[in-house]
Amino acid sequence: MLSNLELLFYWAPIINVQIILEGIFVGAVFALSAYGLALVWGVMNIKNLAQGDFVIMGGYLAFSLHAMHVPLPLIMIVVMMTMFVFGWVIYITMIRRIIDQDMFVSLLATFGLSLLVQQVMNIIYGPEVQTVDMELPIYDAFGGMVTIPSSKIISLIFAAIIATGVVIFMKKSRLGQAIRATSQDPRAARVLGINTDRVYAFTFAFNAALCGAAGVLVSIIWVIQPFYGITYSVRSFAIVTAAGLGNLPGVISAGFGIGLFEKYVGVIVGTAYEVAAPVGILLLVLIIRQISMKRNRQVVK
Amino acid sequence: MKRFSLKAFTAVAAVSTTLVMGGNAIAKVEGDTIILGSSISLTGKYATNGLHTQRGYDYAVKMINDNGGVSVGGKSYKLAVKYYDDESTPARGAQLAERLIQQDGVEYMLGPYSSGMTKAIAPVSEKFGVPMVEAEGASRSLFTQGYKYLFAVLSTSEQYLASAIDMAAAKSDDPSKVRVAMAFEGDPFSMDVRAGVVDKIEEYGMQVVIDDQLPADLSDMSTTLTKVKALRPDILVISGHSKGAATAARQIDEMKVNVNMIALTHCEAAKVQEKFPKASNGFLCPTQWVESISKADPIFGSAAEWNEGFKAAYPSYTSVPYQSAQASAAVYVWKEAFEAANSFDKDAVRDAIAATELETFYGDIKFSDAGNNIAKPMFMRQIDASGSYNLVENADQLTYPRNVNY
């Protein structure tokens, strides 16, 4: 571990550039799926444990489309649309029935959904690891010490476009306003004539579409496997917990922060701990929140 | 009255069963046929490889019978195998092994398919003191239990990448200056592979510059590879099943990792040569057996001849899996052991197996006290620019450094 620190800051400081870049690429993908989770959690109070499986599902859809030689921008659009419809169907058949129930029902139901999605992908695609190779050029810098695949740059651009789109949509559009209103007070929203059922359906479907987009990016920059979803679920939860609900800039910066933290932990402590790093952060945030809330806690008289 | 007749019937049934069983117990050699027993996976998740194994056994039995059989006490005997389908479930396998031994009176066993199934069956054959020659269980943990009646013709998992370290040592003027980077998943198989590599590293006094454990859901090992690029080791060894091989190949390609020697398991399963032809150029990949090795025996001929003969017997194969080859080798060990012991006493035959020292088409066979084959190395193949796998029998045949142009 010490030798790793020495390597980072003394022998080859240039690899910091590579690690920071990797962290940013990772963060961009995390931020997408985490924002979807924050929406669903904040608006509907549903903790979607199938979040990561939606991501992987988007990845497999991209894999199938790529096999049919569909160009990348079109893959993105088709996957997001398909996932939107999928999300809507899941809402109607399942989520609508659990929306007013307590937390455990939503956890159990979405956990079941997660298992179902995993197994169906396993049956269709098999357990082998797959990847979408776009055969895009790879750039070098600093005498080959830093490599930047264009697939990662493209994914960063896509993530930025989608995030900007989401911000504008939530702020300006009527539906975005309705979503925010429902999130603040569903009863008042209903009184004011907002069809909250439709808002919920749209929110859940929209989340699925965001996950699908993240999945497309995952499939072109890493590898996908039917059972890899859980790591994305864990990261999304860690980010949302750290950033809070309904706070888009918070989610994005937490996404990048956790991405960077994960990569540095990977280099310094070992790759095996990379996946554990976000959970560590989650724990830390919860402990700090507990302490700070305790300070303000009072006995109700 | 009715009650009495039922009792009488039960008694008769019990007596006759005992008689039949007694009859079978000495019938492990029926007439001029020696009966071997095996519980094998013909259905369930191991069915494909179970079938490869069974065909390997059957082909060997046919070849041995056609070439004079097994001669014991001046008389020639034929071989036959009694199979049961264990449905790829360990509990069923153990049950069937007991049935083979206790009810069918089999005293000579051939192994099932996979380490897991072998682990379930070995305690049974051990309990009854029945020797078992197995061909499909590679886990090191099978040979640390002190089993006396278990013998394996294949190389155990800690040997998978050990010979890559030998080659790295041979390619260097001073092995103690060789710098090794290791990345292994934490599962039992990969840890076995790692143990073998670490033993070799210690033997040569090499330096380990990276020793990373990879997570089970491995989709990104860029941090390990970043370190590899910074530290420039002489050899990089990776094992994490086919998902590890796929992830590694993809990111080695993407990060243009240029290490002189890269050895990893499961290249073929992950089809790295098809998916990442550029990066996989020069990868060293272990395999239990290849038909191009220069080994031979009097029954099957050379490795290539066994391969041809097997294909002729089972024309559905375009390329023969090594699982079938090692299964044939296990039957061959039985033949030689019967002849060496010149007896059917199972303990005498067990001792003869333990003393086996053979060259076969599958490679040399000699068992350690623990029962694993220590004479056959793991074979290494190197992927070339065209994506084909070439046998590398010693360090001179190795393309070193791997010439890769990103």
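Annotation note: Cβ proximity below 8 Å between a residue of region A:70-86 that is of a type outside the set (S, T, N, Q) and a residue that is not in a helix (DSSP H, G or I) (sequence gap 6+ or interchain) occurs for A:Leu72/A:Met134; A:Val78/A:Val70. Only a single criterion out of (1) at the interface with chain A (Cβ under 9 Å from one of its Cβ atoms); (2) buried (at least 24 other Cβ atoms within 10 Å of the Cβ); (3) within 20 Å of B:Leu398 (Cβ to Cβ) is not satisfied by B:Thr247, namely (3). Within region A:173-224, being in a loop (DSSP other than H, G, I, E, B) and over 20 Å from A:Tyr91 (Cβ atoms) holds for A:Asp185, A:Leu192, A:Gly193, A:Trp222, A:Val223. The set of residues in region A:247-257 that are over 12 Å from the mean Cα position of the chain (by Cα) and in a helix (DSSP H, G or I) comprises A:Leu248, A:Pro249, A:Gly250, A:Ser253, A:Gly257. Restricting attention to region A:258-276 and to residues that are outside any helix (DSSP H, G or I) and at the interface with chain B (Cβ under 9 Å from one of its Cβ atoms), the residue that is nearest to B:Val209 (Cα to Cα) turns out to be A:Gly270.
Within region B:157-212, work out how many residues are more than 14 Å from chain A (Cβ to nearest Cβ), under 20 Å from B:Asn258 (Cβ atoms) and of a type in the set (S, T, N, Q). Total meeting the criteria: 1. Please verify whether B:Gly309 is in contact (Cβ under 8 Å) with a residue 60 or more places away in the chain, out of contact with any His (no Cβ under 9 Å at 6 or more places or on another chain) and on the phi > 0 side of the Ramachandran plot, treating the condition exactly as stated. When the stated conditions are applied, B:Gly309 does not pass them.
Residues considered: A:Val279, A:Val299, A:Val251. Of these, the only one that is within 30 Å of A:Gly176 (Cβ to Cβ) and either within 12 Å of another protein chain (Cβ to nearest Cβ) or among the β-branched types (Val, Ile, Thr) (or both) is A:Val251. Looking across region B:213-239, the residues that are within 7 Å of chain A (Cβ to nearest Cβ) and under 19 Å from A:Val275 (Cα atoms) come down to B:Gln213, B:Leu214, B:Pro215, B:Asp217, B:Ser219, B:Asp220, B:Met221, B:Ser222, B:Thr223, B:Thr224, B:Thr226, B:Lys227. When restricted to residues that are more than 17 Å from B:Val29 (Cα to Cα) and buried (at least 22 other Cβ atoms within 10 Å of the Cβ), region B:121-136 contains 8. Selection over region A:62-97 of residues that are small (Gly, Ala, Ser), surrounded by 17 or more Cβ atoms within 10 Å (Cβ to Cβ) and out of contact with any Phe, Trp or Tyr (no Cβ under 9 Å at 6 or more places or on another chain) gives a count of 1. Restricting attention to region B:211-232 and to residues that are charged (D, E, K, R) and in a helix (DSSP H, G or I), the residue that is farthest from A:Phe142 (Cα to Cα) turns out to be B:Lys227. Can you find a residue that is free of Cβ contacts under 8 Å to residues at least 12 places away in the same chain and within 30 Å of A:Lys152 (Cα to Cα) anywhere in region B:162-178? No, there is no match, as no residue in region B:162-178 is free of Cβ contacts under 8 Å to residues at least 12 places away in the same chain and within 30 Å of A:Lys152 (Cα to Cα). Out of everything in region A:140-152 that is more than 24 Å from the chain's Cα centre (by Cα) and at pLDDT 85 or above, what residue ends up being nearest to the other protein chains (Cβ to nearest Cβ)? Result: A:Thr147.
The values are calculated or read from the model by the stated rules, or taken from the named source; none is laboratory data. Nothing here was measured: the structure is a model prediction, and the numbers come from that model. A quick note on method: Cβ atoms are made from the backbone with ideal geometry, for glycine too, and the neighbour counts reach across all protein chains shown.
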